[in-house]
Amino acid sequence: MLGFRALFAGITIKTFSRDMVIRLEKKWPDLPETGFKVGVASNRLLAKRIGTPRNPAQQEPVWADKAINYAAKATQGADRHDLVITGSVWGTP
């Protein structure tokens, strides 16, 4: 079930980015070519607020795990408007 949610989130981001880029290019035709690359991976994730103790205003959420690194590496191999998913989302062990 986790893989489906990750895939649907990636499709949503990809669809939104394509529509947004089309609107930006219509408004400013001289802009350099842009586009989102989306990489999706799923895994358990460690998330924690890091910052000054006892001062929530100076704390920021930080999350780290292999899924973030795998998604970033998948994105590096993508072209403009591509969605790349890893085996953890696709269903391969």
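The values are calculated or read from the model by the stated rules, or taken from the named source; none is laboratory data. Keep in mind that this is a model prediction, so the values were computed, not measured. In this analysis, Cβ positions are derived from the backbone assuming ideal geometry, glycine residues included, and neighbour counts consider all displayed protein chains.
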Quiz item: Do you know which residues across region 25-73 are among the aromatic types (Phe, Trp, Tyr) and touching a Leu at 6+ places or on another chain (Cβ under 8 Å)?
Solution: 63
Quiz item: Is it true that some residue in region 27-43 is at pLDDT 80 or above and in a helix (DSSP H, G or I)?
Solution: yes
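Residues checked against (1) under 24 Å from residue 4 (Cβ atoms); (2) loosely packed, with under 10 Cβ neighbours inside 10 Å; (3) charged (D, E, K, R):
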site: 15; (1), (2), (3): yes, no, no
site: 21; (1), (2), (3): no, no, no
site: 27; (1), (2), (3): no, yes, yes
site: 33; (1), (2), (3): no, yes, yes
site: 38; (1), (2), (3): yes, no, no
site: 45; (1), (2), (3): yes, no, no
site: 55; (1), (2), (3): no, yes, no
site: 63; (1), (2), (3): yes, no, no
site: 66; (1), (2), (3): yes, no, yes
Quiz item: Between residues in region 42-59 that are in contact (Cβ under 8 Å) with a residue 40 or more places away in the chain and under 30 Å from residue 85 (Cβ atoms) and residues that are among the basic types (Lys, Arg) and not in a loop (DSSP other than H, G, I, E, B), which pairs lie under 9 Å by C-beta distance while being six or more apart or on different chains?
Solution: 42/5; 43/66
Quiz item: What's the number of the condition residue 90 fails, among (1) surrounded by fewer than 13 Cβ atoms within 10 Å (Cβ to Cβ); (2) over 15 Å from residue 10 (Cα atoms); (3) not aliphatic (A, V, I, L, M)?
Solution: (2)
Quiz prompt | Criterion: at positive phi and basic (Lys, Arg) - qualifying residue of 54, 49, 23 | solution = 54
Quiz item: Restricted to region 75-93, and to residues that are part of a helix (DSSP H, G or I) and at pLDDT 85 or above, which residue is farthest from residue 42 (Cα to Cα)?
Solution: 76
Quiz item: Pairs, please: C-beta under 7 Å, at least 6 apart or cross-chain, first residue within 18 Å of residue 78 (Cα to Cα) and modelled with pLDDT under 85 and in region 1-24, second of a type in the set (Ser, Thr, Tyr) and surrounded by 16 or more Cβ atoms within 10 Å (Cβ to Cβ)?
Solution: 6/42
